[in-house]
Amino acid sequence: PVTYIKAAKEFFALHANTKKIKFVVIGKGALETQMREFCRDNNLEDSVEFTGELPIALVWDWIKKSKVLVLPSIREPSGAVLTEAMAYKCYCIAANVGGIPELVTVDRGSLFESGDYKNIARLLNDFLNDEEKYKTKVLAAYNYVRNNYSFEKAAEQLNEIFKNYINDKENNYA
């Protein structure tokens, strides 16, 4: 999370007159005080919003109205929030850790090395300077999630598991 706030500072150093961009930190955590102090010390209080802990429906509302989701994790087994963001056609920029690279590929988003706040700022800058160029990636991510994480897909997979279980039982007791 501190990496995200440092990326905000780096981004606004490149775009000093940009007032319409807002960085949002959703949730609570042990580093919140440190992040707020960093914002105060670096004059970012008007550019970074802290929501605190939110019900999932409000998290989704934030994702729906966002153009970009940045996930600056140090460790992340699956990056479920990325799947949700992709389903809402939100461009994803994420740390190259854990299971994230299986979901966010060069065709479906952007990856950075964990802790590399300068690269996050650069990736945000690239996206915001040419959103048209990234529409293909956003649609590829959306289609990937729709084809692999839909309720229909989950039902197909569950049905296959049950079929295999029943077949195993029949074969073992025949």
*Simple Cβ-charge dipole of the chain, Lys/Arg +1 and Asp/Glu -1, about Cα centre, in debye nearest 20*: 420
*LYS89 versus ASN159: modelled label distance in nm, points set 7 Å from Cα along the beta carbon direction*: 2.9
*asked:* For the range 2-51, which trypsin sites (Lys or Arg not before Pro) pass both filters: DSSP loop (anything but H, G, I, E, B) and at most 14 other C-beta atoms within 10 Å?
replied: LYS19, LYS20, LYS22, LYS28
*Taking DSSP loops as anything outside H, G, I, E and B, show the longest stretch in the chain free of GluC sites (Glu not before Pro) there with at most 13 other beta carbons within 10 Å.*
114-174
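Which of LYS20/LYS153; LYS6/LYS64; LYS64/LYS118; LYS65/LYS137; LYS6/LYS89 have a Cα-Cα distance over 28 Å?
Over 28 Å apart, Cα to Cα: LYS20/LYS153.
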*Alpha carbon convex hull of the range 93-149, volume per residue in cubic angstrom*: 66
*Computed FRET efficiency, Cβ-Cβ of ASN148 and LYS64, R0 22 Å: what is it to the nearest 0.05?*
0.60
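Tell me which trypsin sites (Lys or Arg not before Pro) from the range 42-108 have a DSSP coil assignment and no more than 11 other beta carbons within 10 Å of their own. Present the calculation step by step, with values, prior to reporting the outcome.
On the way: sites: LYS64, LYS65, LYS67, ARG75, LYS89, ARG108; in loops: LYS67, ARG75, LYS89, ARG108.
Sites meeting the loop and neighbour criteria: ARG75.
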*Before anything else, pin down the relative contact order of the chain: Cα pairs under 8 Å, at least 6 apart, normalised by residue count, whole percent.*
20
*Mean separation of Cα contacts under 8 Å (6+ apart) over length of the range 75-174, as relative contact order %*: 26
*Using only Cα atoms, locate the centre of the range 77-105 and the centre of the range 151-167, then give the distance between them in Å, rounded to an integer.*
25
*So, in nm, how far is label ASP126 from label ARG75 when the simple model puts each one 7 Å beyond its Cα toward the Cβ?*
2.9
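Taken together, the values in this text are just the output of simple stated rules run on the coordinates, not laboratory data. Note that this is a predicted model, so its numbers are computed, not measured. Cβ coordinates were reconstructed from backbone atoms using ideal geometry, including for glycine residues, and neighbour counts include every protein chain displayed.
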